[in-house]
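What follows is a structure written as structure tokens; I'll ask about it next.
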Amino acid sequence: MIKAEHVNYIYQPGMPFESQALFDINMEVPDGSFAAIIGHTGSGKSTLIQHFNALIRPTSGRIIIDGLDVADPKTNLRAIRKKVGLVFQYPEYQLFEETVAKDIAFGPLNMGLSEQEIGKRVTESAALVGLDRRYLSKSPFELSGGQKRRAAIAGVLAMEPRVLILDEPTAGLDPRGRDDILNMLKDLHHRRRDMTILFVSHSMEDVARVADYVYVMNGGRLAMEGTVAEVFTHGRELRQMGLETPQITKLCDILRDEGIEVDDEVYTVGYARDMLLKLLKGGESDVS
């Protein structure tokens, strides 16, 4: 569905403040995957995902979306944006209608759909993000931060994209709001297996919790990719890039440095608990 081939992107080419943001990016996002892009601030994450929604075109190289070349001037960009929905960071700032229902309906309305189809999509999209129907008649400004974010995501889902891309979906939320959004995305992916979800995050805990596959950006380059387990085995390399691995991974690194034989693919608390319990049963003196 999404493929990047030797993509380079330069901001303000030929100008005094010319700056290259992406360098020779080659990657594929498998259909139906739940993937994350991680990297420190300025690593090129947000620039990259804007290519996938055709908001910007590569300076050189190709971005292929379901067989359509973003760089080709003949490509219908609206067709790409119907396939790929992009949720910006703090999407609730883009809510503006009188009611939540009208905000969710904004995209389908501009697609020229019938009133009946729009109503159906509003109801279904709200249900997909776990937004109770009683909120649809309320002003979006009466909602909590997490509810506003759900409403904004529902507005993108109402256009029925095949790919959902989110830029820092938990940014600015309190711990409960963050957990709610992550659980909602995980449930959404479970219910819509045909949908590809790609999200940008700087939180390794969030990535470890919900993603299946990870792309690591560093200095505008794709530095690493693989399953969550494969990527987090390179904890020290990630830290050299300015990224923090999950706390439980760092704990296991310390145990390993102390000579305790623990797996190098530990990135969730549940996995670490089971592994340490097994060690305690088999060799309590080693762990203590």
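Please count how many residues of the range 45-60 are in a loop (DSSP other than H, G, I, E, B) and within 14 Å of the chain's Cα centre (by Cα). Write out each step before concluding.
Step one: of the range 45-60, the residues in a loop (DSSP other than H, G, I, E, B) are 53-59.
From what's left, within 14 Å of the chain's Cα centre (by Cα): 53.
Number of matching residues: 1.
Can you tell me which of (1) at pLDDT below 90; (2) surrounded by fewer than 19 Cβ atoms within 10 Å (Cβ to Cβ) is the one K186 doesn't meet?
Failing condition for K186: (1).
Scan the range 12-41 for residues that are under 26 Å from G242 (Cβ atoms) and touching a residue at least 12 places away in the same chain (Cβ under 8 Å) and report the count. Steps first, answer last, please.
Pass one, the range 12-41, residues under 26 Å from G242 (Cβ atoms): 12, 17-29, 33-41.
Adding the requirement that they be touching a residue at least 12 places away in the same chain (Cβ under 8 Å) leaves 20-29, 33-41.
Going through the range 12-41 one residue at a time, the tally reaches 19.
Working only within the range 209-245, note down all residues that are of a type in the set (A, V, I, L, M, F, W, C) and more than 12 Å from the chain's Cα centre (by Cα). Before you say what the answer is, go through the steps one by one.
Initially, the range 209-245 is screened for residues of a type in the set (A, V, I, L, M, F, W, C), giving 210-211, 214, 216-217, 222-224, 228-229, 231-232, 238, 241, 243.
Residues satisfying the conditions are V216, M217, L222, A223, M224, V228, A229, V231, F232, L238, M241, L243.
Now for a different question. Which one of E124, E230, E142 is touching a strand residue (DSSP E or B) at 6+ places or on another chain (Cβ under 9 Å) and charged (D, E, K, R)?
Details: E124 fails: touching a strand residue (DSSP E or B) at 6+ places or on another chain (Cβ under 9 Å); E142 fails: touching a strand residue (DSSP E or B) at 6+ places or on another chain (Cβ under 9 Å).
Selected residue: E230, the only one of E124, E230, E142 that is touching a strand residue (DSSP E or B) at 6+ places or on another chain (Cβ under 9 Å) and charged (D, E, K, R).
Look through R150, R134 and report the one residue that is within 24 Å of R193 (Cα to Cα) and not in a loop (DSSP other than H, G, I, E, B).
On the way: R134 fails: within 24 Å of R193 (Cα to Cα).
After applying the criteria, what remains is R150.
Related question: Of everything in the range 154-190, what is aliphatic (A, V, I, L, M) and part of a loop (DSSP other than H, G, I, E, B)? Give them in sequence order.
Of all residues in the range 154-190, those aliphatic (A, V, I, L, M) come to 154, 156-159, 163-166, 171, 173, 181-182, 184-185, 188.
Within the range 154-190, A158, M159, A171, L173 meet the criteria.
While we're here: Just checking, how many residues over the range 19-44 are over 15 Å from R221 (Cβ atoms) and part of a loop (DSSP other than H, G, I, E, B)? Step through it out loud before you land on a result.
Residues of the range 19-44 that are over 15 Å from R221 (Cβ atoms), as a first pass: 28-36, 41.
Filter again for part of a loop (DSSP other than H, G, I, E, B), leaving 30-33, 41.
The total comes to 5.
Kindly check whether there is at least one residue in the range 35-42 that is surrounded by fewer than 19 Cβ atoms within 10 Å (Cβ to Cβ), under 13 Å from Y11 (Cβ atoms) and either out of contact with any Leu (no Cβ under 7 Å at 6 or more places or on another chain) or not small (G, A, S) (or both). Outline the logic, then answer.
Within the range 35-42, the first condition is being surrounded by fewer than 19 Cβ atoms within 10 Å (Cβ to Cβ), and the residues that meet it are 40-42.
So of that shortlist, the ones also under 13 Å from Y11 (Cβ atoms) come out as 42.
Next, from what is left, pick out any that are either out of contact with any Leu (no Cβ under 7 Å at 6 or more places or on another chain) or not small (G, A, S) (or both): 42.
Yes, there is a match, as at least one residue in the range 35-42 is surrounded by fewer than 19 Cβ atoms within 10 Å (Cβ to Cβ), under 13 Å from Y11 (Cβ atoms) and either out of contact with any Leu (no Cβ under 7 Å at 6 or more places or on another chain) or not small (G, A, S) (or both).
Let me ask another. Search the range 66-125 for residues being assigned to a loop (DSSP other than H, G, I, E, B), aromatic (F, W, Y) and surrounded by 14 or more Cβ atoms within 10 Å (Cβ to Cβ), and hand back the single one that is farthest from the chain's Cα centre (by Cα). Can you show your working first?
From the range 66-125, those assigned to a loop (DSSP other than H, G, I, E, B) are 66-67, 70-76, 88-90, 95-99, 111-114; that's our starting set.
This time we only want the ones that are aromatic (F, W, Y), so: 88, 90, 96.
Right, trim to surrounded by 14 or more Cβ atoms within 10 Å (Cβ to Cβ) and you get 88, 90.
On the way: F88: 10, Y90: 13 Å.
If we take residues in the range 66-125 being assigned to a loop (DSSP other than H, G, I, E, B), aromatic (F, W, Y) and surrounded by 14 or more Cβ atoms within 10 Å (Cβ to Cβ), then Y90 is farthest from the chain's Cα centre (by Cα).
If R176 meets every condition in (1) within 30 Å of H40 (Cβ to Cβ); (2) buried (at least 17 other Cβ atoms within 10 Å of the Cβ) apart from one, which number is that one?
(2)
Let me ask something else. Counting just the residues of the range 8-26 that are among the aliphatic types (A, V, I, L, M) and in contact with a helix residue (DSSP H, G or I) (Cβ under 7 Å, 6 or more places away or on another chain), which one comes out surrounded by the fewest Cβ atoms within 10 Å (Cβ to Cβ)? So that I can check it myself, show each step before the final result.
Narrowing the range 8-26 to residues among the aliphatic types (A, V, I, L, M): 10, 15, 21-22, 25.
From what is left, the residues that are in contact with a helix residue (DSSP H, G or I) (Cβ under 7 Å, 6 or more places away or on another chain) are 21-22, 25.
Values: A21: 18, L22: 24, I25: 23.
So, considering only residues that are among the aliphatic types (A, V, I, L, M) and in contact with a helix residue (DSSP H, G or I) (Cβ under 7 Å, 6 or more places away or on another chain), the one surrounded by the fewest Cβ atoms within 10 Å (Cβ to Cβ) is A21.
The values are calculated or read from the model by the stated rules, or taken from the named source; none is laboratory data. Computed from a predicted structure; not experimentally measured. Glycine gets a Cβ as well: all are built from the backbone with ideal geometry, and neighbour counts include every protein chain shown.
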